[in-house]
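Only one structure is covered here, and it is reproduced in the block below.
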């Protein structure tokens with residue numbers, strides 16, 4: 001497996017760094033190639049010690065309580081607004097978020113605030129911030145199998161998380177679940193995934209097949225899924241080995257076949273279409289089949305051990321082919 | 001119908017990526033996608049700046065071993081095909 005690169009960013013905010021010393025009132029977490037420096041705990045991300053955070057050389061994003069800002073609106077979106085220097089949105093009646101320049105999030109608790117950051121922060125807000133910074137947020141999960149990182153995309157309910165669970169049962173390590181952060185080396189000739197949230201949402205039947213890992217019912221999940229913390233990828237950034245499209249014709253996919261699914265891979269596609277940089281995001285995604293392998297696999301909706309073992313074997317074979325392709329240069 | 005004085009230009013809503021021998025293109029708004037072969041991709045590259053068919057032909061003949069007559073006929077056909085796909089307009 002090629003070595004992971006240092007984190008690069010096309011955002012001026014990357015110049016931000018962790019203060020020394022770090023205040024005792026600050027909570028640090030790491031996800032999606034960013035150190036999140038917050039004034040409240042962020043249990044949806046992996047906690048990180050100040051010394052470790054500095055060693056990672058990852059850019060820092062500040063998350064602080066404050067009042068909503070009055071900013072000129074460039075474009076109104078269904079749930080929020082886009083400004084020249086960021087986005088703003090209400091999440092139900094729970095909280096208002098102001099994202100500034102991709103390096104700061106100000107949250108304002110609303111009437112429905114429960115005292116903890118809502119799930120939307122770890123998904124929608126994180127994805128919008130990542131896109132603002134020049135990364136490509138994808139509605140996909142990812143797992144390291146046999147040394148290669150495999151991205152698994154597909155429609156809701158196609159079995160992305162269950163496919164990841166199959167690989168985890170077979171000894172894989174989680175990179176990201178549901179929201180994956182793709183970034184490219186300059187020139188788009190190599191693609192990388194940034195390690196995401198440390199937990200995966202699984203149907204109880206799949207969760208039961210991953211014993212020995214912390215698990216609990218996902219708060220407020222309408223499908224009754226569980227949150228499981230499996231083996232987590234040890235690297236903050238990993239080179240992408242290949243992409244599996246669930247529901248696409250089975251087997252290797254040509255670039256034109258992969259192109260049919262490109263737009264559907266974006267996380268919160270309506271927001272992404274409205275944000276600056278959509279052309280660059282789509283161009284990078286279009287180039288992806290020229291950088292890594294794409295293959296289609298059937299959706300995975302059953303939770304029997306034979307089906308999961310078969311999926312794990314298929315993912316392992318795909319990962320091995322990806323590694324062989326890397327070795328050939 | 002278009003004549004020799006017609007100026008052709010790209011539809012700005014497409015993005016593309018060269019992969020192997022094709023240019024895979026995606027429409028930003030509709031999600032429609034298309035793969036262009038080598039000739040059509042070369043034509044798309046030339047249309048980075050709007051230009052007329054004679055200029056396109058001159059540039060392609062400098063790149064590919066093709067007679068003026070064959071080039072003229074083929075480019076006329078490809079341009080119409082690309083117009084039909086809303087890739088270019090005149």
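The C-alpha atoms of chain A define a longest principal axis, and helix A:305-327 lies at about 80 degrees to it.
Taking each residue as 0.36 nm, the span from residue A:101 to residue A:304 lengthens on full extension beyond its C-alpha to C-alpha distance by 68.5 nm.
In the calculated pair-distance distribution of segment A:136-327, the portion above 20 angstrom amounts to 51 percent of the Cα-Cα pairs.
Could you put A:181, A:233 in order, starting from the residue whose Cβ has the fewest other Cβ atoms within 10 Å? Don't jump to the answer; show the numbers that get you there.
On the way: A:181 28, A:233 21.
Final ranking by Cβ density, sparse to dense: A:233, A:181.
Given R0 = 45 Å, the distance between the Cβ atoms of residue A:229 and residue A:254 translates into a calculated FRET efficiency of 0.75. Computed from label points 7 Å out along Cα-Cβ, the spacing between residue A:57 and residue A:39 is 3.2 nm.
Based on the alpha-carbon gyration tensor of segment A:226-281, what equivalent-ellipsoid semi-axes (square roots of 5 times the eigenvalues) come out, in whole Å, largest first?
Details: eigenvalues 112, 80, 36 Å².
Gyration-tensor ellipsoid for segment A:226-281: 24, 20, 13 Å.
Averaging the sequence gap over all C-alpha pairs within less than 8 Å and six or more residues apart, then dividing by the number of residues, gives chain B a relative contact order of 34 percent.
Computed from Cα atoms alone, the Kirkwood hydrodynamic radius reported for the protein assembly as shown is 23.1 Å.
Mean residue ellipticity at 222 nm from the helices of chain A, using -39,500 (n - 2.57) per DSSP H segment of n ≥ 4 over the full residue count, to the nearest 500 deg cm²/dmol? Display every interim value, and only then the final one.
Working: 8 runs with 75 residues, N = 329.
Calculated mean residue ellipticity at 222 nm is -6500 deg cm²/dmol.
As a calculated quantity, the FRET efficiency between residue A:90 and residue B:80 at R0 = 45 Å, using C-beta atoms, amounts to about 0.35.
If contacts are Cα pairs under 8 angstrom and at least 6 residues apart, what is the relative contact order of segment A:136-327 in percent? Display every interim value, and only then the final one.
Numbers: 398 pairs, mean separation 55.3, N = 192.
The value is 29 percent.
If you run the Gaussian network model on chain A, springs between alpha carbon atoms under 10 Å, then out of A:266, A:240, A:210 the most flexible one is A:210. Considering only the Cα atoms of segment B:12-85, their convex hull presents on average a projected area of 4.9 nm².
Tilt of helix A:278-287 relative to the longest C-alpha principal axis of chain A, in degrees (0 to 90, nearest 10)? Here the helix axis deviates by roughly 20 degrees. Kirkwood-type hydrodynamic radius, segment A:136-213: 12.9 Å, calculated from all non-identical alpha-carbon pairs.
Three principal axis extents of segment A:21-82 based on alpha-carbon atoms, in descending order, are 40, 22, 20 Å. Note on residue B:12 and residue A:113: their simple-model spin labels are 4.2 nm apart, each label 7 Å out from Cα toward Cβ.
Order of A:132, B:44, A:90 from fewest to most other C-beta atoms within 10 Å? The partial results should precede the final answer.
Details: A:132 22, B:44 19, A:90 14.
Least to most surrounded, the residues fall as A:90, B:44, A:132.
Arranged from fewest to most other beta-carbon atoms within 10 Å of their beta carbon, A:229, A:30 become A:229, A:30. Averaged over residues, the count of other Cβ atoms within 10 Å places the peptides A:191-201, B:78-88 in the sequence A:191-201, B:78-88, highest first.
Which whole-angstrom value gives the distance between the alpha carbon centres of segment A:89-131 and segment B:21-49? Taking the Cα centre of segment B:21-49 as reference, the centre of segment A:89-131 is 39 Å away. Legend: P(r) of segment A:62-133 from all alpha carbon pair distances, 5 Å bins from 0, whole percents, reading 4, 17, 31, 28, 15, 4, 0. Rounded to the nearest 10 degrees, the angle from helix A:160-169 to the longest Cα principal axis of chain A is 70 degrees. One quarter of the surface of the convex hull around the alpha-carbon atoms of segment A:233-329 equals 8.0 nm², the direction-averaged projected area.
The orientation-averaged shadow of the Cα convex hull for segment A:12-132, equal to a quarter of the hull surface, comes to 7.3 nm². Per residue, the average separation of C-alpha pairs within less than 8 Å and at least 6 apart gives chain A a relative contact order of 17 percent.
Given a Förster distance of 41 Å, report the FRET efficiency between residue B:29 and residue B:59 from their Cβ-Cβ distance, rounded to the nearest 0.05. Working shown, then result.
Values: r = 29 Å, r/R0 = 0.72.
Efficiency computed from Cβ-Cβ geometry: 0.90.
FYI, it's all coordinate maths here, none of it is from the lab. These figures come from a predicted structure and were not determined experimentally. Note that each Cβ is placed from the backbone with ideal geometry, even for glycine, and that neighbours are counted across all protein chains shown.
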